[in-house]
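Taken together, the values in this text are just the output of simple stated rules run on the coordinates, not laboratory data. Just so you know, these numbers come straight off a predicted model, no measurement behind them. Virtual Cβ from ideal backbone geometry, glycine too; neighbours counted across all protein chains shown.
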Amino acid sequence: MAVRGDGSQGEKSARGGLKRLRWLTVACVLLSGMEALSLETINLAIPTKSFQQVIYPIAQERGYMREEGIELKIVFIEPTPSIQAALAGSVQFTAAGSSALVAITKAGAPLKVVLAVNDRVHQWLLSKPEYAGPKSLKGKRIATTGVASVSTFMLKQIFAQHGLDPNRDLVYLDTGTGNQLPSLLAGAVDAAVLSVEQRYVGRAGGMREMIYFGNEVKNSWGTLATTDRFIKEQPKLTAGFIKATLKALRLIRKDRETTVSAVTKFSGIERPLAARIYDDLIGTFTANGAVDDETQRNDLDIIRQVAGASEASPIARGYNFSFALEADRQLTQAGWRP
C-alpha cells in the first residue's frame, strides 16, 4: 500500500510539474508576442554594405534598437530612390545623406541630415605608377563615380588646391558603377576614384595611391537623413533611433574584435580584410554622430555645385544634429559604455 501511495503521489507531482511548465511556456510566448507588438517598426534604406553601414546591424543585433522600442528593418535601395521612398513614407531613414542634401538644395525637399558616422571621406585617387602627383595628371582621363557626383566635385576641389584648372585640365569619365578599378587596371584610364576595398586591390596591382580625400577636404561621410515630417510627428522614435545608433558607434570605436566580426558577417568579406579596413578607418568615426559647422558648410558648398545652385543652403536647412548631441549627452551622463 505504501508503495502504491508513493507512486500515486509521484505521478500527481509529475503531472503538476508538467502543467506548470506548460503555463510557463505559454506565458513566455505571450510575453514575447506582447513585446513584439509593442515595438515600432523602423525601415532604414542603405545603399551598400560598406564599413560605415555596419553601425546599423550592430545596433539591431546588440539589442540597442529594442531598448528604444524599435524593430529595425534594413533594406538596400540606391541613394536617389531611397530619398523618394523616405518622402513617400516607405522608409523612415536613409543612409544616403548626400543625396538628401542634393534634394534639399535642388528642390527644397523637406529633409534633414541627423547623423554623421564619419568626419572624413572614404575615397582615394589611384593612378598608373608613372604619374608622380596631381599636376602630372594634366590632360589625363579620370574614372569617377559619375561626372556630376559628389565625389567628382570633391576631386575637382582637390585638383584646384594643387594648382590645376579642374574643369579644363582633366577629363572625367563615368565608367559605370564598380568599373573604376577595372578600367584603371586595364589601362583604359589614367587614374580612378576608388573605395577602400578597391584601393587595396589597386595598390596590390601596382597602382600609385595619389590622394586620400579625407586628408584633402573637410567633409562628412556616412550621413543619415530623415524627413521633417517624421521628426515633427515622431520625435521619440527619432531620438530612440539616434540613441541606439550612437551606442553602436561607441561600440565600434572601442571594440575592435566585435566590430571586425560584425563587418565580416555583414559585408561577407574575409576577416583579415575587415581587420585591415577597421585599422585604417576607425579614426574617421565621429565621437558623437555630428560634425562641426565648417564641415557642414563644406558639405553644402559641394552639394551646391552638384545641384548647380547659385548659393548653398543654410546649415539649419540641411542639418539637425540636436538628437545626436542630446543622445550623446544622455549616454555620457549615465556613464554608458558598450
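One table, with the values for the structure above:
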{"quantity": "Given charges at Cβ of Lys, Arg, Asp, Glu: the chain dipole, positive-most of Val201, Leu273, Phe323", "calculated": "Leu273"}
{"quantity": "The stretch 51-156: mean projected area of Cα convex hull, nm²", "calculated": "9.3"}
{"quantity": "Net charge dipole size for the chain [Lys, Arg +1 and Asp, Glu -1 on Cβ; Debye, nearest 20]", "calculated": "780"}
{"quantity": "Long-range tail of P(r) for the stretch 179-338 (Cα pairs > 24 Å, %)", "calculated": "52"}
{"quantity": "Charge dipole magnitude, Cβ of K and R +1, D and E -1 - the stretch 209-338, Cα centre, debye nearest 20", "calculated": "660"}
{"quantity": "For the chain, convex hull volume per residue from C-alpha positions, Å³", "calculated": "171"}
{"quantity": "Rounded to whole Å, sorted largest first: equivalent-ellipsoid semi-axes of the stretch 124-216, Cα gyration tensor", "calculated": "18, 14, 13"}
{"quantity": "Most positive-pole-ward Cα, Pro79, Thr284, Tyr64, against dipole of the chain from beta carbon charges", "calculated": "Tyr64"}
{"quantity": "Sparsely packed GluC sites (Glu not before Pro) within the stretch 41-141, loop by DSSP, other Cβ within 10 Å at most 16", "calculated": "Glu130"}
{"quantity": "DSSP-defined antiparallel bridges as percent of all bridges, the chain, nearest 5", "calculated": "50"}
{"quantity": "Antiparallel DSSP beta bridges within the stretch 124-216, percent to nearest 5", "calculated": "55"}
{"quantity": "P(r) tail fraction, the stretch 84-142 - alpha-carbon pairs more than 18 Å apart, %", "calculated": "55"}
{"quantity": "GluC sites (Glu not before Pro) restricted to the stretch 228-323 and DSSP loop, no more than 11 other C-beta within 10 Å", "calculated": "Glu270, Glu311"}
{"quantity": "Helical contribution to [θ] at 222 nm, DSSP H n ≥ 4, -39,500 (n - 2.57), averaged over the chain, rounded to 500", "calculated": "-16000 deg cm²/dmol"}
{"quantity": "Descending Cα extents along the principal axes, the stretch 192-253, whole Å", "calculated": "53, 25, 18"}
{"quantity": "Estimated distance in nm for a label pair at Ala188 and Arg329, the labels positioned 7 Å out from Cα along Cα-to-Cβ", "calculated": "5.3"}
